[in-house]
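Here is the structure we will look at, set down as structure tokens.
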Amino acid sequence: MPTSCARSSIVYSVPVLVLGIETSCDETAAAVVENGRRVLSDVVASQILVHAQFGGVVPEVASRQHVATIVPVIQRAIAAAGIGWADLHGVAVTSGPGLVGALLVGVETAKALGYALDRPVIGVNHLAGHLAAVFLDDPALPSPPPYPHLALLVSGGHTALIRVEGSGRHMLLGATRDDAAGEAFDKVGKMLGLGYPGGVQIDRLSATGDRDAFTLPRALPGRDDIDFSFSGLKTAVSTLLARRASPPEGPELANLAASVQAAIVDVLVRKSRRALSREGLGALVVCGGVAANRGLRAAMATAAREDGFALFIPPAKRCTDNAAMIAAAGTQLLARGERSSVDLAVDPGLPL
Ligand code: KG4
Ligand code: ZN
């Protein structure tokens, strides 16, 4: 495999091709990544339409969908990369956190492939995958972030501020005390009758709404901590809706969506700024599904200009769940000689 390690990039003597597999929630994804940087293929089969009819992800349905989709998705990833099975150097797979049945499909498939191809398999922490997405080559990201940096990881299950010292070396600085930011988007979206996933719909509606139309709470504003709480926002929207004779529609709905988005984004930006200054860091990475939010991206860009920190946000398709980020994180682990054994187990509550 690899050779030496310099800053964030490992120097490879030969192209190292790793297959990434991601099935922790409602996307069945496979990707081939070269040297942990260059994405040769990136296939994502979304289950959103299947789960939308239930208003959220149904774990048993997710597992069954993964079982039906995983093999063709991997075959497409290999074909689209223009490689043969024997060209792969290893298989990286999400082993947690996530839905237990969904994770099992990916992990067992990876183990079978590793055995059949006689290649190493490495279990990857889904959150480490999100943190690694920013190291994948992209025209919008001409250089990788320097170490150490601050990462704001905002997804459907997590909201955390993390000090990243190096690949695999993290320190959790702050986290949500209740709902994750994505969960807050999705739950409020459901209250507004926007369907699943609410985050995407609120982002879309916010483009035409007035963010100051409704006054909504910003949690823990005066406190000097960098934790988050979104349950108060959820309660405020629920109370506001209960007091009305009819649900908001048209421009009023867009105004409420924009006000909700602003309430979430303001807190994420404020706490990130506080953490950067407290930690003396000059670079911020924003990752996870909510990092696809246009309001958050714009507000972070403004904060970066005002405060003078360097901002790194992967393109939207690499913020939401994908397998390229798992391959990137897995390549770094394989490069350090790490391997998972055949009894690699899934861990639904795996911490970072
Ligand atoms: O990272 P991700 O794909 O899956 C998890 O690891 O949870 O994140 C999914 C979350 C969902 O809550 C979804 O509503 C949110 O990311 N999300 C967004 C946007 N796109 C996805 N939230 C706000 N605006 C978006 N554009
Ligand atoms: Zn995720």
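What follows is calculated from the coordinates using simple rules that are stated; it is not laboratory data. Note that the structure is a prediction, hence the values are computed from the model and not measured. All Cβ positions, glycine included, derive from the backbone under ideal geometry; neighbour counts span all protein chains shown.
For the range 304-345 and the range 83-144, what is the separation of their Cα centres, given in Å?
10 Å
Restricting to bridges with both residues inside the range 11-159, how much of the DSSP beta-bridge set is antiparallel, in percent to the nearest 5?
About 65 percent, rounded to the nearest 5.
Could you work out the local net charge near THR28, counting Lys and Arg as +1, Asp and Glu as -1, over the other residues with Cβ closer than 14 Å to its Cβ?
Once positives and negatives cancel, what remains is -4.
Normalised by the residues of the chain, what does the relative contact order come to in percent, with Cα pairs under 8 Å and at least six apart?
24 percent
Quick one: Karplus J couplings for the range 334-346, per residue in order, coefficients 6.51, -1.76, 1.60, θ = phi - 60°, nearest Hz, x for Gly and Pro?
Karplus-based 3J(HN,Hα) across the range 334-346 equals 4, 4, 8, x, 7, 9, 9, 8, 5, 9, 3, 10, 7 Hz.
Near the amide H of ALA92, under 5 Å away, which other amide H atoms are found, from residues 5 or more places off or on another chain, if H is placed in the peptide plane?
LEU19, GLY20, ILE21, ILE122
Of VAL100, ALA160, ALA133, whose Cα points farthest to the positive end of the dipole of the chain (charges on the beta-carbon: +1 Lys, Arg; -1 Asp, Glu; origin at the Cα centre)?
ALA160
Tell me the mean residue ellipticity at 222 nm calculated for the chain from its helices only (DSSP H runs of n ≥ 4, each -39500 (n - 2.57), averaged over every residue, nearest 500).
Mean residue ellipticity, 222 nm, calculated: -13000 deg cm²/dmol.
Looking at the range 93-232, I'd like the Rg to Rh ratio, where Rg is from alpha-carbon atoms and Rh is Kirkwood's inverse mean 1/r.
Rounded to two decimals, Rg over Rh is 1.04.
For the chain, what is the number of Lys pairs with C-alpha distance below 29 angstrom, counting only pairs 8 or more positions apart or on separate chains?
Value for the chain: 10.
With θ taken as phi - 60° and the coefficients 6.51, -1.76 and 1.60, list the Karplus ³J(HN,Hα) couplings across the range 243-249 in order, rounded to whole Hz; mark glycine and proline as x.
My calculation for the range 243-249 gives 7, 8, 6, 9, x, x, 9 Hz in order.
Taking H as built 1.01 Å from N, whose amide H comes closer than 5 Å to the amide H of SER41, not counting residues under 5 places away?
For SER41, the qualifying residues are VAL32.
What is the Cα centroid distance between the range 30-79 and the range 275-299, reported in whole angstrom?
The range 30-79 and the range 275-299 have Cα centres spaced 27 Å from each other.
Report ³J(HN,Hα) in whole Hz for each residue of the range 188-200, in order, from the Karplus equation J = 6.51 cos²θ - 1.76 cosθ + 1.60 where θ = phi - 60°; Gly and Pro get x.
Residue by residue, the range 188-200 yields 5, x, 5, 4, 7, x, 8, x, 10, x, x, x, 5 Hz.
Can you tell me the dipole magnitude for the chain around its Cα centre, using point charges on the Cβ only (Lys, Arg +1; Asp, Glu -1), in Debye to the nearest 20?
Dipole about the Cα centre, nearest 20: 500 debye.
What does the charge add up to near ASN322, with Lys and Arg as +1, Asp and Glu as -1, over the other residues with Cβ less than 12 Å from its Cβ?
Once all neighbours under 12 Å are counted, the net charge is -2.
Relative contact order of the range 198-311: what whole-number percent is it, with Cα pairs under 8 angstrom and at least 6 residues apart?
Relative contact order here is 34 percent.
Under 15 Å from the Cβ of GLY56, count the other residues' Cβ atoms, weight Lys and Arg +1, Asp and Glu -1, and hand me the total.
Result for the local shell: -3.
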